[in-house]
Amino acid sequence: MSKPRTSVMLRTYFSEIFRLFFPERCPACGRSLPEGVRWLCPHCRWDMPLTGYAAEHDNPVARKFWGLVPVQEAASMFFFTRHGRYRAMIHGFKYHGQWKTCLRLGAMFGAELSESGLYDTVDLIVPVPLHYRRLFRRGYNQAEYLARGIAGALGRETDCRSLVRKSYNRSQTAMRNRKDRWENVADIFSVRCPQRLDGRHILLVDDVLTTGSTLTACAETILKAAPSCRISIATLAVSATELFGGKGQGGL
């Protein structure tokens, strides 16, 4: 038996042993993944509550920003509710180091955006930034990995340096009052390289859309610094409660 073939067999053998004791689990439901399946189990992939908004110019996510900030396009990939299984997936990549999940979801969402044709004029993908203190504690910015996944699917560049969070603020997820959320993000962003953004179509990316306060604050800051640019918005998830009403179902 040739050495290359022996090496492949040994890697396969040890890989199967590893999977036996440490099976890869679905980030949504937590079940062990079937043989040959990577990342998301077939049931959760099939059952994901997709919005379909990537293909609609006039959709509830876009309308959420009407009267707040001018946007070209806006979409979220799926709905989330407080007690849904996808909340655990969001918590996994937001707080527990599962950044690869965000990268893969970004690629999945980016494929939708690309297929729709509505985002063909986007020049640059800009993630909502974290403050350096929170970035140091967490080790990564989940919006950045989401943006990189989207950028790969769209064939565009990611800019993670021009928009910065200049002030350290409380986490938005800790606040239930809408007024507090808007005040919490007032004047906390700045643009470091406005000439890099001016005149370009920017896709502003974040993980979850609730009140829209953070994205609105980012968009306002960018437009103030680079008034000739255009803004579109993409978030992975959107609170069904925020869009359609109801009580106690949309929080993280």
Top-ranked residue of the stretch 8-66 - restricted to ones that are among the acidic types (D, E) and over 19 Å from A111 (Cα atoms), ranked as modelled with the lowest pLDDT: E16
Condition test on A219, is it surrounded by 19 or more Cβ atoms within 10 Å (Cβ to Cβ), touching a Pro at 6+ places or on another chain (Cβ under 9 Å), modelled with pLDDT of 85 or more and of a type in the set (G, A, S)? yes
Of everything in the stretch 222-252, what is in a loop (DSSP other than H, G, I, E, B) and at pLDDT 95 or above? Give them in sequence order. A226, P227, S228, C229
List, please: which pairs have Cβ atoms under 9 Å, are six or more places apart or on different chains, and start with a residue in the stretch 181-197 that is under 15 Å from S167 (Cβ atoms) and in a loop (DSSP other than H, G, I, E, B) and end with one that is open to solvent by less than 80 Å² (accessible area, probe 1.4 Å) and basic (K, R)? I188/R165
E35 vs (1) part of a strand (DSSP E or B); (2) farther than 24 Å from E242 by Cα: all pass except (1)
Of the conditions (1) of a type outside the set (D, E, K, R); (2) surrounded by fewer than 22 Cβ atoms within 10 Å (Cβ to Cβ); (3) in contact (Cβ under 8 Å) with a residue 60 or more places away in the chain, Y119 satisfies every one except a single condition; which number is it? (2)
Neighbours by Cβ (under 9 Å, 6+ apart or cross-chain): first from the stretch 202-223, closer than 10 Å to W182 by Cβ; second of a type in the set (G, A, S): T211/S239; S213/A186; A217/A186
Please determine, by comparing only the residues of the stretch 65-91 that are touching a residue at least 60 places away in the same chain (Cβ under 8 Å), assigned to a helix (DSSP H, G or I) and open to solvent by 40 Å² or more (accessible area, probe 1.4 Å), which one is farthest from L209 (Cα to Cα). A88
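The values are calculated or read from the model by the stated rules, or taken from the named source; none is laboratory data. These numbers were taken from a predicted model, which means no experiment stands behind them. Cβ sites come from the backbone with ideal geometry, for glycine too, and all protein chains shown count toward neighbours. Ligands, DNA and RNA are excluded from the accessible area calculation, which covers all protein heavy atoms including side chains. Shrake-Rupley method; radii C 1.70, N 1.55, O 1.52, S 1.80 Å.
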